[in-house]
Every structure is written in C-alpha cells, then in structure tokens.
1. Does residue 227 satisfy the criteria of being modelled with pLDDT under 95 and farther than 24 Å from residue 283 by Cα?
2. Within segment 317-339, can one find any residue that is in contact with a strand residue (DSSP E or B) (Cβ under 7 Å, 6 or more places away or on another chain) and part of a helix (DSSP H, G or I)?
3. Among the numbered criteria (1) in a loop (DSSP other than H, G, I, E, B); (2) touching a helix residue (DSSP H, G or I) at 6+ places or on another chain (Cβ under 6 Å), which single criterion is violated by residue 178?
4. In segment 146-170, how many are out of contact with any helix residue (DSSP H, G or I) (no Cβ under 9 Å at 6 or more places or on another chain) and crowded, with 20+ Cβ neighbours inside 10 Å?
5. For segment 263-297, enumerate the residues that are outside any loop (DSSP other than H, G, I, E, B), touching a residue at least 40 places away in the same chain (Cβ under 8 Å) and surrounded by fewer than 24 Cβ atoms within 10 Å (Cβ to Cβ).
6. Return yes or no: is residue 311 surrounded by fewer than 23 Cβ atoms within 10 Å (Cβ to Cβ), assigned to a helix (DSSP H, G or I) and in contact with a strand residue (DSSP E or B) (Cβ under 7 Å, 6 or more places away or on another chain)?
C-alpha cells in the first residue's frame, strides 16, 4: 500500500505541511535543518514516494527544463582524438561539453529532468508542449536566430546560449569571443611580434562569433599602437606575406583555421614557431597535436551551458533577464615563441 504524506508527518512528529515543504526541495521554504533531516529520513524509511503528477497540477509547474540543441552536431573529427582519455575527449568536443555542462548543473541544482528537443526547423510551438517550465536554446551561429525571435513572447522564460544577440526580455549566456581574441593577440605582442596577422573569415564571414574575434584582434592591435592587417583567408597569400617580411605571427580565428595555417606554412618550408608564431581559438580536441602543441584560447562551452541552467533557474525564481559573458583563458603551448631580431 502506498505511504501517504500524513503517515510521514505522524512518524516524524511534524505537520503534513512541513513534510510537503521539506520534500519539495524548494529553497524558499525555511525549515530547521534538524527537522528537515528527520523528515527525509522518516520518508526514506517508510518508502514514501511523492506524487509528482498531483504536485504539478497544483503548482502548474513540472520542475523540468527544456533544452533545444540547435548548435549540436559539429564535433571535431575522430582523427584528432589521438590518445586523449574518453572523459576529457567528451568535454573537449563542443557537443560533449554542452551536454556535460547541462548535466553537471542539473544535478547540482536538483533539476528532476531535462527534456531535450532536437533543433532544426521545427515549429516553435513544438517546444511549448507543457512539459517544461523554461527553455534553454543552444543557438547555431550559422543559422541565425529566427527561433529566438519566434520565442520572444513565449509564456515561459527562455535563455539563449552561444549568442549575445537576443530579443528584449530574453536572457543570453555566451563566451567573451572579443576578449579571448584580445588575449591571444596580446600574447603575441608581449612576445615582441608587431606584424601580427588575423587568419579567417572574421567580419566578412557573417558569423557573429568570428566578427567579434576579428574585432578583438583589431582592438588589441590598436591599443598597442600597431596597425591591424586585413584578414587573410588564403594559405598562399599568408606564405607570401611571411616571406615578404609583413607577418611574423598569426592569430587564427579557430583551431581548425590554425591547422590550415600550419599546413600551408609547413608546405612552404616555414617553421612554427621558429619562423612564425601561431595562436588558435577554441582548444578543440587534438589542439595539443597541431603544430606540435597549439597555443590557443580555451572556449568554456561546458561552463557556458551550466551557467545557462543557473540563469534559467534564476528566471524561474522571478529574477530579471541577464546577459552574461564567460571569460575564456589562454593556454600557452609550443606554437609561439619570442620574436628574435
């Protein structure tokens, strides 16, 4: 026979209301720590199981959070795996990092379940099916933000991941791409390089993150009183610039772009870092094998996803939308060195 809440209350010597408060797990309910522990132990001993469906009907809340994965599906190739352990490998693919961050934060905050919706062309109404109390949307910068615009009047809080561009009254959590690029460029400047090139699509790519990364490069060069060069996205053009003495260091907008730079330079008989210092961005799985160990900017995707869950929980508690940028950090490996006269 199913144990009822009043039986737990009787055995614990408290009211049914106190048992309900303790077992709800909600922080706003203040119950003495000793009492709460006694109630939980009695409930465990008696085998009490909360009636989640009934509670949801009363509160009109499910306790579940929805996750729309528009950005997932572009992990790094297996050829870059090398001997990296499986655990660290998962967290250093973008997909794996997002899922790990979501899982860690949900467990920490006691979220009973995450409802994962596949992205890609579905009707926005399919995400408003009553199963979740709020939505976390992992945006794909290549697709634009049509889904966010369609959800701006949704009857539940929405938090956007991996973008700074959101409709009014919507939260956003992203990585500071501009700040990370400035870090990479400043590292090369600190090593004595003054002729630093930006390699990638940058502003012309139409991708929000790449525009910000080129802007961060230009901002750092300007602050150092050095001329920023036109973005290069052609290996032969870069090799010519190095041989002409116009480039001694390269900041590539992604690690995969840095791999392309290394291939072009090596094919022309130029060495990294002896002839050209090289920095990437993302710290993808296998970055330690690019150019003998690529100096790069770590992209905190797992931390971004976890902060998205935290922000969604804050919104559900009545806080106003926030726009949050997570700071990346520079990882120095073997692809950069001090410029010699």
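1. Details: modelled with pLDDT under 95: no; farther than 24 Å from residue 283 by Cα: yes.
No: the conditions fail for residue 227.
2. Residues of segment 317-339 that are in contact with a strand residue (DSSP E or B) (Cβ under 7 Å, 6 or more places away or on another chain), as a first pass: 321-326, 328-333, 335-337.
From what's left, part of a helix (DSSP H, G or I): none.
No, because not a single residue in segment 317-339 is in contact with a strand residue (DSSP E or B) (Cβ under 7 Å, 6 or more places away or on another chain) and part of a helix (DSSP H, G or I).
3. Checking residue 178 against (1) in a loop (DSSP other than H, G, I, E, B); (2) touching a helix residue (DSSP H, G or I) at 6+ places or on another chain (Cβ under 6 Å), the one that fails is (1).
4. Looking only at that region, the number is 1.
5. 288, 289, 292
6. Numbers: surrounded by fewer than 23 Cβ atoms within 10 Å (Cβ to Cβ): no; assigned to a helix (DSSP H, G or I): yes; in contact with a strand residue (DSSP E or B) (Cβ under 7 Å, 6 or more places away or on another chain): yes.
Spelling it out, it is not the case that residue 311 is surrounded by fewer than 23 Cβ atoms within 10 Å (Cβ to Cβ), assigned to a helix (DSSP H, G or I) and in contact with a strand residue (DSSP E or B) (Cβ under 7 Å, 6 or more places away or on another chain).
The values are calculated or read from the model by the stated rules, or taken from the named source; none is laboratory data. Predicted model only: the values in this text are computed from it and were never measured. Positions of Cβ are generated from backbone atoms using ideal geometry, with glycine treated the same way; all protein chains shown enter the neighbour counts.
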